[in-house]
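Below is one structure, written out as C-alpha cells; comments come after it.
Every number in this text was worked out from the coordinates using simple rules, so none of it is lab data. Keep in mind it's a predicted model, so treat the numbers as computed, not measured. Heads up, the Cβs are rebuilt from the backbone with ideal geometry, glycines too, and the neighbour counts pull from every protein chain shown.
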Amino acid sequence: MASLDDLLRQMTERGASDLHLKPTRPPLIRVTGRLFGLEAESLKPEDIQAMLDPVLKPHQRRKLEERQSVDFGYGVHGLARFRANVYYQRGTIAAAFRRIPYQIRMLDELNLPEVLLDFCDLPMGMVLVTGPTGSGKSTTLAALVKYVTSRRPVHVVTIEDPMEFLFTDGVASISQREVGTDTPSFAEALRNVMRQDPDVIMVGEMRDPETIATVITAAETGHLVFSTLHTNSATQTVDRILDAFPPEQQNQVRAQLSQVLKGVVSMKLVERADGDGLTAALEIMKVSPRISQLIEKGETTGLIEEVESSVGYYRMQSMNQSLLALLVHSTITYREAMGQSTDPEDLSLKLRKMFPNIEEKGGEMAPSTADFSEILMLQQYKKLYEEQEEKNKIRHAEKDERILELQNVIETRDQQMRDLDRRIQDMQSESEKMRSDYNRLRQEAQEKIDKLMERIKELNQRLISNGR
C-alpha cells in the first residue's frame, strides 16, 4: 500500500489540486476540475486510518472524535503544503487534501487584473475575496498579502484555520496564527490582535456573526482587513453579511458596512480553451460614493448596474464582463462562457452588441487574418468605447458633484430644522411663562376683587345700621 506522502507526491506530479481518500475506492485526484481515480487498489478503512494516524496531533484527534471533522495543515518537505480535512462518512474515516504550493505567486503570474493591487495600498477598510470552494480565494488572498509585505513597512497579522501559505518577512513584518495551535478561535484571536499593533489583518474566513462583527470593528478602528466568504457575487456578499445579524441590528450593520467595506472580489475558475488547466473569471466591486450610498440604503439590487457602468472610471467589472473579456481574448470558449455565466441572457446580449453574428457562427469569434474591415470595425468600436468612457467619467463627476450639493442642502435644511426646533422650544417656554404670569395676575386680581366685595358688603351693612 502506498503511503500518504507517496499519494501526495503522485498528486503533485500530475498537477492535481486535490486528493480524496475514501473507503471502497482507489485514491481520487482532481485535475482541472475533474476527479480521476489513481491506478491503485481500493482503500480499506484501516488503510486510511494507518495513513492518517501519524499526521494527526493529539488535540486534532480529540477534535475529530468530538466533532467528527478536523482541519489541519500538512507539509511534505521539498514538495508542497496541503490543507487537509479529515471527516467521518457512513461511520468510517475519510479525508480530502488540497495542494498549496510553497511558492506564492503574484497577481500577474495568476493572470489577474492589476486593479486588485489598489486594495493593497488602502490605509484602512475591509476587502473581501469571495467564491465557492476551490475558486482560488486563498491563492488570490496570498498574492495580495505578499504584495503588501514586499512594499509596505507595516505589521501584518494573519489568522487562519488551518494555516495554508507560509509567508516570509519582506519590508513588512508578518505574524501567522493558526486556530487550534496558536489561538483557540477566530473570535479570540481577533479580540487579542488589537494588542499586537497590527496595520494589516488577514482573516482566513468570516464564519460566524461574532467573527464578522469583530472584523468590521477592526476595519472601523483604522486597520486594513482582508478576509473571505463563500458567496458568488458582491450583491450576495453584502446580503450574506447583513443576514448574519438579527433584524434589529441590520440597519446599524448596514451603516457600518457602507463606511468600512472597500472592495469585493468574487471569483470562479473556468476551463481554458487550449485545455491547459483553469483560469479565473472575477467580478470586481470597488466601493465608490454611489455604491456606499446603495449599501447604506439597502438597495443592493442596484450594485451590479453600478459596477458595470464604472468599468472605465473605477475599473470595476461584473462576472459577465470578465467572461466576455476572456472570450474576446480566446482564453475560453463560447460554450464555457455561457455555461459559467449566472445570467447567460445578459451575456448573450453583450456579445451580440460586439459581434452581431456570433450566435449564427456558433460562437466562432476569430475573423480572417486578411480581412482589414475587421480591424477597421475594431478601431470604430474602440473609438466608441473611449467616447462612452469619457461620457461616463463626466457623468460620474456630475453625479458626485450633485451628491455633494444635495448633502450640503440636506445639512443646511437640518441646521434650519434645528434652529426652528430651538425657536419653537423658546416660544413654548415663553408661552408657558406668559400663561403662568397670567394665572398669577388673575389670581391676585381675584383676591383683590374678593377683598373689595367684602369691604363693600361691610360698608352696606354699616349704612343700613345707621339708617335705623
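Label positions at ASP450 and ALA255, each projected 7 Å from the Cα along the C-beta direction, are separated by 5.5 nm.
Electrostatic bookkeeping for ALA189 treats Lys and Arg as +1 and Asp and Glu as -1; over the other residues with beta carbon under 14 Å from its beta carbon, the sum is -4.
Projected onto the charge dipole of region 114-366 (+1 at Lys/Arg Cβ, -1 at Asp/Glu Cβ, origin at the Cα centre), which of LEU144, GLN176, SER227 gives the Cα projection farthest towards the positive end? Projecting each Cα onto the dipole axis, the largest value belongs to LEU144. Residues of region 286-304 falling in the label zone of ARG413, defined by backbone nitrogen less than 12 Å from a point 7 Å along Cα to beta-carbon, are absent. For LYS350, neighbours were defined as the other residues whose beta-carbon sits under 11 Å from its Cβ, and their charges (Lys and Arg +1, Asp and Glu -1) total -2.
For region 1-115, the Cα gyration tensor yields ellipsoid semi-axes of 26, 18, 13 Å (square root of five times each eigenvalue, largest first, whole Å). Shape class for region 181-311, computed from the alpha carbon gyration tensor (a ≥ b ≥ c): oblate, with a/c not under 1.5 and a/b at or below b/c.
Amide H contacts for LEU261 (H built 1.01 Å from N in the peptide plane; partners 5 or more residues away or on another chain; cut-off under 5 Å): MET126. By other beta-carbon atoms within 10 Å, ranking HIS77, HIS59, HIS20 with the fewest at the front produces HIS77, HIS59, HIS20.
In sequence order, region 64-75 has phi-based couplings of 4, 5, 6, 10, 6, 6, 8, 9, 6, x, 9, x Hz under the Karplus curve 6.51 cos²θ - 1.76 cosθ + 1.60, θ = phi - 60°, and Gly or Pro positions carry x. From the coordinates of this entry, percent of Cα pairs over 32 Å apart is computed, and it appears in [x] 33; [y] 59; [z] 56 under the label [z].
For VAL171, neighbours were defined as the other residues whose beta-carbon sits under 9 Å from its Cβ, and their charges (Lys and Arg +1, Asp and Glu -1) total +1. With a simple spin-label model that places each label point 7 Å from the Cα along the Cα-to-Cβ direction, the separation between ARG442 and GLN196 comes to 7.4 nm. Counting other Cβ atoms within 10 Å as a rough exposure proxy, the listed residues ILE456, ILE403, ILE332 run ILE456, ILE403, ILE332 from fewest neighbours to most.
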